[in-house]
Structures are given as C-alpha cells and as structure tokens.
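Quick notes on the structure that follows.
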Amino acid sequence: MCGIIGVFNNPKAEVQVQTALALLHNRGKDGSNILKLAEKNALGHTLHAINNHIPQPIKKEGILTANCEIYNWQELNEQHHFSAKNDAELLLHFLDKYGMDDIEKLDGVFAFAYYKDNQLFLARDLLGEKPLWFVHTADAFAFASEKKVLEKLGYIDIQELNPRSILVYDVHEHKIELKKRSFFEYVPEHEEDYGKIKQTTQRLLDQAVQKRIPDKKFGLLFSGGLDSTYLAKYFKDRGYDFTCYTAVLDTDAQEPSDLVSAQKVAEELGLKLKIKKIKQEEIPHYLQKIVPLIEDSNVVKVGVALTFYLACELAKEDGCKVIFSGLGSEEIFAGYERHKQSANINQECVSGLLKMYERDLYRDDVITMDNNLELRLPFLDRALVAYALKIPGQYKIKGTITKYVLREIAIQKLIPEEFALRKKTAAQYGSKIDQALGKLAKQNNFPSKSAYLRMFYPTHNVKLGVLFSSGKDSTSAAYIMKKQNYELTCLITLRSHNQDSYMFQTAGTELVQLQAEAMGLPLVVQETAGKKEEELQDLEKALRKAKDEYKIEGVVSGALFSTYQRDRIEKICDHLGLKIFSPLWHKPQEQHMKEIVQNGFEAIITAIAADGFDEQWLGRKIDEQMIADLEKLHGKNKINVSGEGGEFESLVLDCPLFMKKIELTQTKKRMGSAHSGRLIIEEARLVEK
C-alpha cells in the first residue's frame, strides 16, 4: 500500500502536496515524490514497494499516482505487449491504451488518480480495499488516501469515493462527474451439485491466497478461528515463512477465548505464534493514537482496531511488510446471525459487502499502513466473491452451522473438526478488549463506552441524514446512531399520497415538522404519489437534495426486517455515494419495543390494519402493558410485535433527542373496518419538557 495525493486549481497546490506527503509518510517509506503539472496543479506519492522500486507519479501519455496491487499485471503485460516493470507501470500503460472502460479486467485492489488531456480520473477497486477521499470546493479540487490529510490541509465537506463510482474531474471547467460501475450479482444461483461447488470454491480460494503471497516473510492476524486457521494451514502446508500474531487483554481472570484457541491451534498445527498482551491501564495510551487514526469513535470499530493494531505492532517489529487477514469470509460465506435470519442469504451477503468499505476496510487500511504493512485479504478476491455469492444458501447455512461449505472444505484440508467448527467470536470480544473498554468507561464516570471514546475523537464519525417517518423505528435508529457519536444533520421525509405505500409510513407524517423543530434539525420533505417503484425516484430526489444542501455522508434507516425496503434504500444510497446505516436490522422485535420504553420514548399508535386490533388501540401509548398485549396477539394471530408487517404505525411525541415534546390538542379516530383505522391529528403543538 502507498499514499496518493493531488491538488488542482489551488495556487498552493505544490505546498499542500508537500505537506500531505509528510502526513502520509507511514503509508510509504520507500520513496516520496511530487510532480507539478501546472501553476495550480500537483500530484504526489509515497511508496511502499512490494513489486520493484519504481518512483511515482509516473508519466507517459498520461500521468499516474497509484496505490495498487494488481495480481495479474504480468499476464496483462505479456498479453498486451507492454514493457512494464511492476504493477503500477502496467496500470499506466493499460490506462494510456484502453482508458477507464476496461478497468474491470484488473485483478487486484487499487486506488489511483490518472491525469490526461486536462481530465483527472479517480477510481478504486470494487469493494474499496484501497481508500480514496476527495473534496470539491468552489475554487479547488483535492484527493488523498486518508481523510485526515485533507482536513489538515484545511478542507471541509470531504467525501469518501464510493467504490462503485469513477470520478471524472474536468480541470479547466472545474466540474466533476460520477460514472457508475456494476456490482456483484447473487442470481442465478449455481446449479452444479454440491461436490462440484465445493471443489470450485476451494480452487478459487486457494488461488486467491496464492496470488497474494509475497516473496518475503509475512504475517497472519490469528485468532484460532476458521478463517485464519484455513490460511495458516495453507501457508504451513506449502512451507512459507510466516508468523501468526494474536493480541488480547492481559487479565487475571479467565483467559480470552481467542488466546486459548490460537494457542491450541498453533500447537496442533505446528505454527509460529507471537502473542501481545495488553493491560487495561495501558489501553488509554493506545486509544489516544488509534481513535484519531481510524477517524472514528464507534465502539465496535475501536474494539477491533485496538486488537488489530497490537498484532500489527508485533509484525512490524519482526520486519514484515505484508500481513494477511481472514476479513470477508463472514460476508461471502454467511457467518453472521443476520444471515441466519435472512429470507435470502445471498442477498444479505451482498448487502454486507456494500457496507464493508465504511465499516471495516478503511479502519484496517490505516492501521496496517501506520505500521508500514501491506494488508492482504484473500477472502475478498474478486473471482472468489463473484462465485461465492451464487452458492445456494442451503450450502452456506445448515441448521445452526454458518459458513457450512467453508467448514467442510477446511475439514477436507485436514483441519481438525474442533477448529473447523469453532463458532465465530468477534475480535473485540474474543480478545476481551470490549470488556476492558466498558470497565474504563465506568472507572472514568462515563455513562457508556461511546461517551468514553468520544473524548479521544470529539468530532463526529459520519454526518447522517435520517430517513424519517415520524414513528418509533426511524426515531430509535437515529437515537442509536447519535449515541454512537454520529452527527444527525437533517431529517428526510417522503410524504406519500398513497396510504398503502410499499415503502413509506403515512400516518403521523403531518407532524414531522414539529418533530424536526423538537430536535433542532432541518427537514427535507419530498412529495410522492406513492406508486410502487416510482416512489423510489422521489426518494432519490430527496436524498440528493439532502446531500447537496446539508453535505450528508450517509443515511440512517429504521428498517428491521423488510428486505424490500432496506435493499431499495441501499441501492439508491450506493448510487448516490452515500453510506447506509440500519442499526435496528434483525434486532428481535420484543427487544426493540422494550428498548423504546426503557429509553424514555413517548410514542402512540396512529394507525392499525390487522386482525386483533380495534378502535381502542388508536392513540394508545407504547408501554410495557402494550408490549405484553402485542405478544399475546403475536401468539394468536402471528402479527409482528413491532408492526414491521404494516399491522400498526406509530408517532413519537417525546424522546431523548427532543428538546421539547409534542402535545396533541385535538384528535379523532376514523375506522375503515372493524380492524383498521387511523388517528386523525387535527391540532398539535410543542411544549416545554
């Protein structure tokens, strides 16, 4: 991995690039160069050399600064009769000859800037393993490998380039255009027999691992779980020079499960294992560095990051330049609880892959680069991902066993069943780091781990627009994200003229303006006729407006189980380059309802439409007694306790996000049948809490 930087149409371009290269020093200690293109334009590069030592930016017909690992570069070099000496030089030859249209032929991971004929092209690999951020102001355009670099240069409203977009910047016109790229498909599923599917999966996985192995010693992040054990067995069987690295909390209590498993597997397979133990009192020192490094105070991200960073420190001390991780296996082979609960396992896998660049990949990239390490992720190999997403779901989850096909392949590889069948334990829990964060928060008198971590990164994580319906789900989702240190920037409401809209709540939406005032947030309202599918165009208009006016970086949705709703929102967000957050997704419905009450929400029922409901439910407050009554109805009529199936709709009158509360001063009930009706709100006002 390397560091790239460019500044255009800025009189201080060369100075800013020079400053940026110093900030990007850890991304490449093998060289650093600036290329001045014109009075106001400059490119820069820091080199972490793996394939030959060729300084960048490179100039031929066009000019390239790249952070890339192209695994088929030699094949392309020979096929197209180029004379490239490494993958970056091959990439420039390739772009000079074929332009951007054929970049899908590149087998590897990359983030690059290519300049030719007064046009600048920015692109990333499809999943986003290599990072790339940009900013387009009224007077200048700039890009860099890390967001914090652009912030240090004084830029604001910085965006992460969505991996499914190619950015084209016209230097003379000072305009940008985003061209969309296709993502992986999950249909049609493979029709071969299971034996053939296993054989092909193993072949593609082994090829993915093999192409990433460097010619020098390397490291492996090791937990003793299925994914890292598979990689270790592959390396061991072929005699590679590698070391496994594990990091855990140093505790006098029961040893962390990852430590126990890692040691047991290492002993059984004869692996070289190095362990980093950290005492709880040492953690704040690391947090001061790691939380700003990953630019995020999300509890899960920080817990994983700390474990990861400690292991990478060991690898750096050993002189490694490359380190492997099993990241990605859970998404392509269905390893999470949400996959078990999904109606379409592969559809859920695709949804997870779309989010990885925000959730996992940037964090892991900056951590490894800070330790001068190149991260290799074979489970995210493009050919393997494309094939795995079409493996029938019954071969991924069988009963309670997740990643079934991969576990069977591991057993065929003579990995003992005890290790091949080990259940997934997230790194922050298996290392006991999350437990330590909880204790530190309590010791320092913080109400939560999120509040404790905020002091290490007081700025927001991501600026969010809230897809807001006025009801309990969207408000609860917004509250969760706010508690996790995300900035709520605006509310976004679709006002549907169709009471039976497939996508949007209608009852109570007349009060979203009061709710926005109660939260002190601007409101984007988009009218829609509510026609199936056509209403999605109106949703895109609303999200585009929120992005343009309020510079949101992502959208939070209150979706619980509706894949119809969630997937359509995700597609639109991905198309617009917006990150998507669904914090309630597959949360048990009874738990969700109880948390609403526990968190101090005052919400009422505004519409009903299912057997078992009657007029008495309209206007009823959501409390413990109501939840008990809903559970009884579920037992009798199989309704969704949270109303996810449209059985009822709700309105939030007060919650911790509100600075004032809503008082309904005049309402009436209108029944359409014995079991369906709406609460008509004729007058309402804000009052002091």
Practice prompt. Scan region 16-50 residue by residue and report those that are closer than 20 Å to ASP139 by Cα and of a type in the set (A, V, I, L, M).
Written response: VAL17, ALA20, LEU37, ALA38, ALA42, LEU43
Item to complete: Please work out which one of (1) in the same structural domain as GLU348 (by TED's automatic domain parsing); (2) out of contact with any strand residue (DSSP E or B) (no Cβ under 9 Å at 6 or more places or on another chain); (3) part of a loop (DSSP other than H, G, I, E, B) is the condition LYS216 fails and give its number.
Response: (2)
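LEU314 - would you say it is closer than 28 Å to LYS105 by Cα and at pLDDT 95 or above?
Considered against the rule, which asks whether it is closer than 28 Å to LYS105 by Cα and at pLDDT 95 or above, LEU314 comes out as no.
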Worksheet item: Is it fair to say ARG422 is in contact with a helix residue (DSSP H, G or I) (Cβ under 9 Å, 6 or more places away or on another chain), assigned by TED's automatic domain parsing to the domain that holds LEU204, among the charged types (D, E, K, R) and part of a helix (DSSP H, G or I)?
Response: no
Worksheet item: For the subset of region 633-689 comprising residues that are closer than 28 Å to THR563 by Cα and without any contact (Cβ under 8 Å) to a residue 12 or more places away in the chain, which member is surrounded by the most Cβ atoms within 10 Å (Cβ to Cβ)?
Response: GLY643
Worksheet item: In region 408-429, what residues are charged (D, E, K, R) and surrounded by 14 or more Cβ atoms within 10 Å (Cβ to Cβ)?
Response: GLU408, LYS413, ARG422, LYS424
Worksheet item: Within region 149-163, can you find the residues that are more than 18 Å from PRO11 (Cβ to Cβ), more than 18 Å from the chain's Cα centre (by Cα), hydrophobic (A, V, I, L, M, F, W, C) and not in a helix (DSSP H, G or I)?
Response: ILE156
Item to complete: Filter region 438-457 for residues that are part of a helix (DSSP H, G or I) and over 22 Å from the mean Cα position of the chain (by Cα) and give the result.
Response: GLY438, LYS439, LEU440, ALA441, LYS442, GLN443, TYR452
Discussion item. With the structure loaded, tell me whether SER145 is surrounded by fewer than 24 Cβ atoms within 10 Å (Cβ to Cβ), of a type in the set (S, T, N, Q) and touching a helix residue (DSSP H, G or I) at 6+ places or on another chain (Cβ under 8 Å) or whether it fails that test.
Written reply: no
Fill in: Those residues of region 152-207 which are surrounded by 14 or more Cβ atoms within 10 Å (Cβ to Cβ), under 23 Å from TYR362 (Cα atoms) and in contact with a Ser or Thr (Cβ under 9 Å, 6 or more places away or on another chain), in sequence order
LYS152, LEU153, TYR155, ARG164, LEU178, ARG181
Practice prompt. Restricting attention to region 1-29, report how many residues are exposed (fewer than 15 other Cβ atoms within 10 Å of the Cβ) and farther than 17 Å from SER145 by Cα.
Written response: 2
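Of the residues PHE121, PHE141, PHE134, only one is touching a strand residue (DSSP E or B) at 6+ places or on another chain (Cβ under 6 Å), of a type in the set (A, V, I, L, M, F, W, C), touching a residue at least 24 places away in the same chain (Cβ under 8 Å) and more than 26 Å from LEU354 (Cα to Cα); which?
The match here is PHE141.
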Practice prompt. Confirm whether LYS60 is in contact with a helix residue (DSSP H, G or I) (Cβ under 8 Å, 6 or more places away or on another chain), more than 14 Å from GLY3 (Cβ to Cβ) and not hydrophobic (A, V, I, L, M, F, W, C).
Written response: yes
Response to the item:
Restricted to region 449-496 and to residues being among the charged types (D, E, K, R) and under 23 Å from SER650 (Cα atoms), the residue modelled with the lowest pLDDT is ARG495
Discussion item. Quick check on THR65: is it of a type outside the set (D, E, K, R) and either touching a Pro at 6+ places or on another chain (Cβ under 7 Å) or part of a strand (DSSP E or B) (or both)?
Written reply: yes
Practice prompt. Report yes if some residue within region 611-620 is surrounded by fewer than 20 Cβ atoms within 10 Å (Cβ to Cβ), at positive phi and either in contact with a Leu (Cβ under 7 Å, 6 or more places away or on another chain) or outside any strand (DSSP E or B) (or both); otherwise report no.
Written response: yes
Fill in: Selected residue (only one of LYS85, LYS36 is outside any loop (DSSP other than H, G, I, E, B) and loosely packed, with under 15 Cβ neighbours inside 10 Å)
LYS36
Worksheet item: So how many residues does region 274-306 have that are surrounded by fewer than 16 Cβ atoms within 10 Å (Cβ to Cβ) and not in a helix (DSSP H, G or I)?
Response: 1
Worksheet item: In region 541-564, what count of residues is obtained for those that are over 25 Å from HIS460 (Cβ atoms) and outside any loop (DSSP other than H, G, I, E, B)?
Response: 3
Discussion item. Could you list, ordered by first residue, the pairs with Cβ atoms under 7 Å in which the first is in region 554-573 and without any contact (Cβ under 8 Å) to a residue 12 or more places away in the chain and the second is part of a loop (DSSP other than H, G, I, E, B) and of a type outside the set (A, V, I, L, M), at least 6 apart or interchain?
Written reply: none
Fill in: Filter result (surrounded by 17 or more Cβ atoms within 10 Å (Cβ to Cβ) and without any contact (Cβ under 8 Å) to a residue 40 or more places away in the chain) within region 430-456
ALA441, TYR452
Worksheet item: Does GLU69 satisfy the condition of being under 30 Å from PHE218 (Cα atoms) and touching a Gly at 6+ places or on another chain (Cβ under 6 Å)?
Response: yes
Fill in: Residues (in contact (Cβ under 8 Å) with a residue 60 or more places away in the chain and either part of a strand (DSSP E or B) or under 19 Å from LYS321 (Cβ atoms) (or both)) located in region 243-273
THR243, TYR245, THR246, ALA247, VAL248, LEU249
Worksheet, complete the sentence: Scanning region 393-407 residue by residue, those buried (at least 20 other Cβ atoms within 10 Å of the Cβ) and at positive phi turn out to be LYS403
Fill in: Tally, over region 179-207, of residues that are hydrophobic (A, V, I, L, M, F, W, C) and assigned to a loop (DSSP other than H, G, I, E, B)
3
Worksheet item: Are there any pairs, at least 6 apart or on different chains, whose C-beta atoms fall under 8 Å, with the first in region 64-87 and without any contact (Cβ under 8 Å) to a residue 24 or more places away in the chain and the second exposed (fewer than 14 other Cβ atoms within 10 Å of the Cβ) and of a type in the set (S, T, N, Q), and if so, which?
Response: ASN77/SER83
Worksheet entry | Residues within region 101-148 that are among the hydrophobic types (A, V, I, L, M, F, W, C), in a loop (DSSP other than H, G, I, E, B) and modelled with pLDDT of 95 or more, tallied | 5
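The values are calculated or read from the model by the stated rules, or taken from the named source; none is laboratory data. No experiment lies behind these values; they were computed from the predicted model shown. With ideal geometry, Cβ positions are generated from the backbone for all residues, glycine too; neighbour counts draw on all protein chains shown.
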